[in-house]
Amino acid sequence: MTLTEQMLSPLSDGHVLTGLRRADQMWSNYKTANISVPEVVHVRKDSSATELEPVEWDVAIAGGTLGILLGAALAQKGWRVVLIERGILKGREQEWNISRQELQVFVDLDLLTVDELERAIATEYNPARLSFHKGTEFWVEDVLNVGVDPIYLLDTLKQKFLDAGGRLLENTAFQSATIHPNGVSIHTENTHTENIEKQRITTRLLIDAMGHFSPIARQARNGQQPDAVCLVVGTCAEGYAAEAEGDRSSVDLSTGDIFASITPIQNHCQYFWEAFPARDGRTTYLFTYVDAQPARLSLEDLFEDYWRLLPDYQRISLEQLKVRRALFGFFPCYRNSPLQLPWNRTLAVGDSSGSQSPLSFGGFGSMVRHLARLTRGVHEALDADALSQKDLAKLQPYQPSLSITWLFQRSMSVGLHQNPDPNQINELLSGVFEAMNDLGDPVLKPFLQDVVQFRALTRTLFQTTLKFPLLGLKVVPYVGLLSLLKWVVHYVNLGIYAIQSRLGSAIYPLLKPLFTTLPPKFQYTFSRWIDMWVYGSGGDYHG
C-alpha cells in the first residue's frame with residue numbers, strides 16, 4: 001500500500017482516493033490531448049431564425065459557487081438574474097485565502113455589511129514567510145493571510161441574491177444553449193430526481209462561471225491543450241505541535257508560508273509549498289508548474305512526494321497527523337486568455353475565462369479581484385444592449401499585466417528535455433525576491449497578490465541586475481529567446497497601459513458630464529477602455 005492509499009483511504013470511506021484517481025484520469029486525458037469537445041452552444045443562423053418570446057431573464061449564470069458573487073451584485077442593481085447550479089449551492093469547509101483589503105469590494109457593492117464581512121473571516125494570521133532552498137528567507141505582513149469561511153459567505157450571498165429578486169435553480173445542470181437574435185434559449189436538466197426533468201430558460205445574456213472544465217469554455221477552445229498546468233495536492237490536518245520557546249523542532253502554528261521551497265529540482269519539477277492556519281487544523285499545499293506532456297507525473301505521484309517531504313517541511317511525523325481533508329487538482333492555463341467567447345450574448349468569467357495568471361490557482365481570489373469591474377461592465381452592457389460578441393469581448397480584453405507573467409511561470413518550470421542546475425530556480429527566485437524585499441512593500445505586496453505593475457517590475461529588474469548581474473543570463477537558455485522577445489512586447493505594453501491608465505483616470509472625471517449625454521453604447525465602450533488600461537496595468541491594486 002502506498003503512503004497516499006494509507007493516508008487517504010480512511011477519508012469518506014475511500015471516496016477521496018477515488019476522487020483523486022478520477023482527477024488523475026482527467027489529467028491524463030489532457031496530457032494525451034484526449035480532450036472532449038462538447039457541442040453545447042448553437043447559433044440560429046438560418047433565415048428562419050426567430051426571436052424569442054418572451055425573454056424571461058436579463059442574465060442567466062451557469063455555475064453557482066462563484067457565479068453567486070456576480071449574480072448577487074447584478075441582482076442588487078435591479079436586473080432579473082437566474083442562477084443555475086448543478087448541485088446544492090453551498091461553500092466547502094476549507095477556507096479561501098485572500099488579503100483583507102481585497103474583501104472591501106463586498107462592502108463597496110453592498111453585498112455584505114461590515115459586520116457580515118467580519119463574520120465571514122474565519123481565520124487571520126501574521127506574518128507569512130517566503131523561503132527558498134539554500135537561499136533567502138523573509139517575512140511579510142497582511143498578504144493572503146485571511147481565511148474566508150465559504151459556507152457563511154455563500155449562504156449570506158445566496159440570501160441577498162434571493163431577497164433582491166434573483167432565482168436560484170439548484171440540482172439543475174446546464175445542457176445546451178441556442179443563440180437567437182434577441183436572446184439565448186438555455187436547456188437544463190434536473191439532477192436530483194429519478195425522472196429527468198428538463199427546463200427551458202430564456203435570457204438576454206448567458207454568463208459561464210462553470211470553471212476550468214466548463215463545457216462552454218471547452219467548446220470555445222476546441223480541444224486545445226493547456227500551455228501550462230499547475231498541479232496541487234495538500235491536506236488540512238490536526239496534530240501539529242505548537243512551537244515551544246527556543247524549540248527548533250516544531251513549527252510556529254500562528255504563522256504561514258506564502259511561497260516556500262525546501263528541495264532542488266526533482267522529477268523535472270520545482271516543488272513549492274504553502275501553509276497556513278485553519279479553523280480545524282493546519283493546511284499545507286505542495287504545488288508545481290509543468291507543461292501537459294504525457295510523461296509528466298500524476299497527482300497521485302505528487303501526493304507520494306507530499307507525504308515523503310511533509311515531515312521535513314513541517315517538522316512532524318505522519319503518525320502524528322489526523323487528516324481531516326485532502327485537497328488536490330490541476331489548473332490548466334492558456335496563453336490566449338482571458339477567453340473571449342465567439343458567440344453573441346455569451347460571456348465567460350472567473351476560471352472559465354482563464355482570467356487568473358499562470359502563477360495562481362485562480363478561483364476565489366481572481367473572481368474577487370474582477371468583481372467590481374465585471375459588475376459595472378455587465379450592468380452597462382445590459383443597459384446599452386451591447387451584447388454582441390464584439391461588445392462583450394471588451395469585458396475580457398488583452399491584459400499585459402496577465403500576459404507578462406507567462407515568462408515568470410516558464411522560468412519556474414523545467415522542460416522534460418532540459419537539465420538545468422538543480423538549484424537554478426531557487427537561486428533565481430531567491431535573488432528576485434531579495435531585490436523586491438529591498439525595495440519594500442509597494443513593490444513586493446502587489447506581486448504576491450498576483451498583480452504586476454510597470455514601475456514595480458522595472459525597479460525589480462534594475463535592482464536584481466545590480467545585485468546579481470549574471471542571474472538572468474542563466475535562465476535565458478531555458479525559457480527560450482522567442483519567449484523572452486514576447487515578454488519584452490508585453491513589458492512595453494504594460495508601460496503604455498500604465499500611462500494610458502493615469503491619463504484616462506485623470507481625464508474621465510472631467511469629461512464625465514459630456515459622456516453622459518452621448519449614446520449608451522459609446523459610454524459603454526469608453527468605460528471598457530478605462531477598465532482595460534487600469535486592470536491591464538495593475539492599476540486596480542490598492543495596498
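The values are calculated or read from the model by the stated rules, or taken from the named source; none is laboratory data. These numbers were taken from a predicted model, which means no experiment stands behind them. In this analysis, Cβ positions are derived from the backbone assuming ideal geometry, glycine residues included, and neighbour counts consider all displayed protein chains. Note: areas computed on protein heavy atoms with side chains; ligands, DNA, RNA excluded. Shrake-Rupley method; radii C 1.70, N 1.55, O 1.52, S 1.80 Å.
Can you tell me which residue within segment 147-165, out of those that are among the small types (Gly, Ala, Ser) and under 20 Å from residue 80 (Cα atoms), is surrounded by the fewest Cβ atoms within 10 Å (Cβ to Cβ)?
Result: 165.
Can you tell me which residues in segment 136-187 are within 29 Å of residue 345 (Cβ to Cβ), assigned to a helix (DSSP H, G or I) and hydroxyl-bearing (Ser, Thr, Tyr)? None - no residue of segment 136-187 is within 29 Å of residue 345 (Cβ to Cβ), assigned to a helix (DSSP H, G or I) and hydroxyl-bearing (Ser, Thr, Tyr), so the list stays empty.
May I ask you to list the residues in segment 423-441 that are assigned to a helix (DSSP H, G or I) and either touching a His at 6+ places or on another chain (Cβ under 6 Å) or under 16 Å from residue 470 (Cβ atoms) (or both)?
Filtering segment 423-441 down to residues assigned to a helix (DSSP H, G or I) leaves 424-439, 441.
Scanning segment 423-441 gives 424, 425, 426, 427, 428, 429, 430, 431, 432, 434, 435.
Across segment 278-295, not a single residue is classified as open to solvent by less than 20 Å² (accessible area, probe 1.4 Å), in a loop (DSSP other than H, G, I, E, B) and out of contact with any strand residue (DSSP E or B) (no Cβ under 7 Å at 6 or more places or on another chain).
Picking from residues in segment 317-341 that are among the aliphatic types (A, V, I, L, M) and in a loop (DSSP other than H, G, I, E, B), the one that is farthest from residue 359 (Cα to Cα) is 321. Checked against (1) in contact with a strand residue (DSSP E or B) (Cβ under 6 Å, 6 or more places away or on another chain); (2) on the phi < 0 side of the Ramachandran plot, residue 152 meets all criteria but (1).
Among the residues examined, residue 101 qualifies as in contact with an Asp or Glu (Cβ under 9 Å, 6 or more places away or on another chain) and either open to solvent by 50 Å² or more (accessible area, probe 1.4 Å) or of a type outside the set (Ser, Thr, Tyr) (or both).
In summary, residue 377 fulfils each of the numbered conditions (1) in a helix (DSSP H, G or I); (2) open to solvent by less than 10 Å² (accessible area, probe 1.4 Å); (3) small (Gly, Ala, Ser); (4) over 20 Å from residue 529 (Cα atoms) with the single exception of condition (4).
Here residue 451 passes the criteria (1) closer than 24 Å to residue 536 by Cα; (2) open to solvent by 20 Å² or more (accessible area, probe 1.4 Å); (3) outside any helix (DSSP H, G or I) except the one numbered (2). Residues of segment 490-543 being of a type in the set (D, E, K, R) and either open to solvent by 80 Å² or more (accessible area, probe 1.4 Å) or within 21 Å of the chain's Cα centre (by Cα) (or both), which ones? Residues satisfying the conditions are 502, 512, 521, 531, 540.
So for segment 228-246 (the condition being part of a loop (DSSP other than H, G, I, E, B), without any contact (Cβ under 8 Å) to a residue 40 or more places away in the chain and not charged (D, E, K, R)), does at least one residue qualify? Walk me through how you get there before you give the answer.
Of segment 228-246, the ones part of a loop (DSSP other than H, G, I, E, B) are 239-241, 243-246.
In the following step, the residues that additionally are without any contact (Cβ under 8 Å) to a residue 40 or more places away in the chain were identified as 243-246.
Okay, now just the ones that are also not charged (D, E, K, R), so 244, 246.
Looking through segment 228-246, at least one residue is part of a loop (DSSP other than H, G, I, E, B), without any contact (Cβ under 8 Å) to a residue 40 or more places away in the chain and not charged (D, E, K, R).
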